[in-house]
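Engineer: Here's a structure for you.
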Amino acid sequence: MSAPLPTDRVGRAFVAVAIVEAVTWTGLLLGMLLEHVLHLTEMGVAIFGPLHGAAFLVYVVVAVVAATRFRWTLGVFALALLAAVPPLTTIPLERWMRRSGLLVRPTAD
């Protein structure tokens, strides 16, 4: 069972951008398959290459903002950044973060 979406704007943005990053990664992989393996068209890479590049950069910026707002440890922040490298890893990461309460502002004790 998946945790509910965060109520914080930055948390919701992190979830959304993590999904967009994974979707554009998928599009780029399919584009590379069409171009380099099947030799059919370069269109997929031409479209999804720049989209994924932009999504990746936005993901990094949102991860920096989220790490600051939610006071992530350096390890959690590094994990968030590393998750953007292997294809589709940002989706299980954001789901784990929601379940673990890492997309919620810490309470003042």
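Engineer: Does anyone have the angle between helix 9-32 and the longest principal axis of the chain? Alpha-carbon axes, 0 to 90°, nearest 10?
Structural biologist: Taking the Cα atoms of the chain, the angle to 9-32 is about 20 degrees.
Engineer: Considering Cα pairs under 8 angstrom that are at least six residues apart, work out the relative contact order of the chain and quote it in whole percent.
Structural biologist: 39
Engineer: Moving to a separate point now. Express the Stokes-Einstein translational diffusion coefficient of the chain in µm² s⁻¹, to the nearest whole number, given a Kirkwood radius over alpha-carbon pairs, 4 °C and a viscosity of 1.567 mPa s.
Structural biologist: Reported coefficient: 89 µm²/s.
Engineer: Considering the dipole of the chain built from charges on the beta carbon (Lys and Arg +1, Asp and Glu -1) around the Cα centre, which of T90, A67, I47 is farthest to its positive end?
Structural biologist: A67
Engineer: Under the 0.36 nm per residue contour assumption, what length would be gained going from the current alpha-carbon distance of H36 and L82 to full extension?
Structural biologist: Gain on extension, H36 to L82, equals 14.0 nm.
Every number in this text was worked out from the coordinates using simple rules, so none of it is lab data. From a predicted model like this one, the values you see are computed outputs, not experimental measurements. Heads up, the Cβs are rebuilt from the backbone with ideal geometry, glycines too, and the neighbour counts pull from every protein chain shown.
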